[in-house]
Amino acid sequence: MLADSLGGSADPTAATSLAAMRAVSLTVQGGSGAVNVLRDLSMDLYHGETVAVTGPSGSGKTTMLMVLAGLERPTSGRIVVDGQDLSTLDEDGLARFRRGRVGIVFQGFHLVPTMTALENAALPLELAGDAQAGIKAAAALDAVGLGARLRNYPAQLSGGEQQRVAIARAFTPRPRLLLADEPTGNLDAATGERVMELLFSLQREYGATLLLITHDMALARRCGRILQMHDGRLLTPQPDGAPQP
């Protein structure tokens, strides 16, 4: 039980906790001295839930997502995802951890321009040595409505299609945790709505836990919980009161 292993109280919902952060802080050195990007964050994410994180630009939302994915290391605190304490892993270990457990959808798509849609969607499984990578990626692209665009390169796709490739890539390994950072930020309203319908539909189908960063409160209200960040702090209490270690 993650809440217990991290020193949290025995809350009934904590038995289904997929990910937990305890007293996580991140300080970086800026031109005028130390900058506290994250300040003593504690939170739990539960199996199959949808959580929106809102707040002004520069409040630390994306950085929180990055440390939860193991793409940034906090200065202090603990992060456990699906039973794995991220502080015990080196960079190679973190990369292996993400391939099997975490899917990430960025605002900027982050597709490899020299790879086709199929190759981009298959990339996580290819890196993991999955012999069925191409077959699974093709199925994922078909699920997002791009079964006829497998051989197209990103430059040959619209913004909405590129984001659907990114979603297919994120879901291809069937992750337990899906992290989405302003996934509609580069899309027009109508395309963004279609992309989010797809994202929520796949989240329900796969039973993944979704953490969504967004400035759109209408979109945030579609999630089961809304957390607010300001100046590197979470302002909304967690269900278990965000106990400290």
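Just so it is clear, none of the values below were taken in a lab; they were calculated from the coordinates. In this text, all values refer to a predicted model and were calculated from it rather than measured experimentally. Because the Cβ atoms are built from the backbone with ideal geometry, glycine has one as well, and the counts that use them run over all protein chains shown.
Annotations for the structure displayed:
- Spin-label model, D188 to A218: label points 7 Å out along the Cα-to-beta-carbon direction sit 1.6 nm apart.
- For the range 87-156 and the range 177-205, distance of Cα centres in Å: 17 Å
- Helix 189-206 axis, angle to the chain major axis (alpha carbon atoms, nearest 10°): 70 degrees
- Between the listed residues N152, Q163, T214, the Cα displaced farthest toward the positive end of the dipole of the range 129-245, a dipole computed from Cβ unit charges relative to the Cα centre, is found at N152.
- Environment charge of T184, counting only residues whose C-beta is closer than 10 Å and scoring Lys/Arg +1, Asp/Glu -1: -3
- The angle between the Cα long axis of helix 117-127 and the main principal axis of the chain comes to about 50°, on a 0 to 90 degree scale.
- Dimensions of the chain from C-alpha coordinates, computed as largest minus smallest value along each principal axis and given longest first, are 50, 40, 36 Å.
- Shape class for the range 56-197, computed from the alpha carbon gyration tensor (a ≥ b ≥ c): oblate, with a/c not under 1.5 and a/b at or below b/c.
- Environment charge of V165, counting only residues whose C-beta is closer than 13 Å and scoring Lys/Arg +1, Asp/Glu -1: +1
- Most to least packed among 158-169, 205-216 [average Cβ atoms within 10 Å]: 158-169, 205-216
- Note on the chain: dipole from Cβ charges, positive end direction compared against L234, S201, S25; the farthest Cα belongs to S201.
- R0 of 35 Å, Cβ-Cβ distance H230-E197: FRET efficiency to nearest 0.05: 0.75
- Using the rule -39500 (n - 2.57) for each DSSP H run of four or more residues, divided by the residues of the chain, the 222 nm mean residue ellipticity is -9500 deg cm²/dmol.
- Dipole size of the chain about its Cα centre, with +1 on Lys/Arg Cβ and -1 on Asp/Glu Cβ: approximately 200 debye, rounded to the nearest 20.
- Ordering of 68-77, 36-45 by packing [mean C-beta count within 10 Å, highest first]: 36-45, 68-77
- By DSSP, the beta bridges lying fully in the range 18-234 are antiparallel in about 50 percent of cases.
- Degrees separating the helix 91-101 axis from the principal Cα axis of the chain, which is the longest one: 70 degrees
- Each Lys or Arg adds one and each Asp or Glu takes one away; over the other residues whose Cβ falls under 14 Å from the Cβ of I226, this sums to +2.
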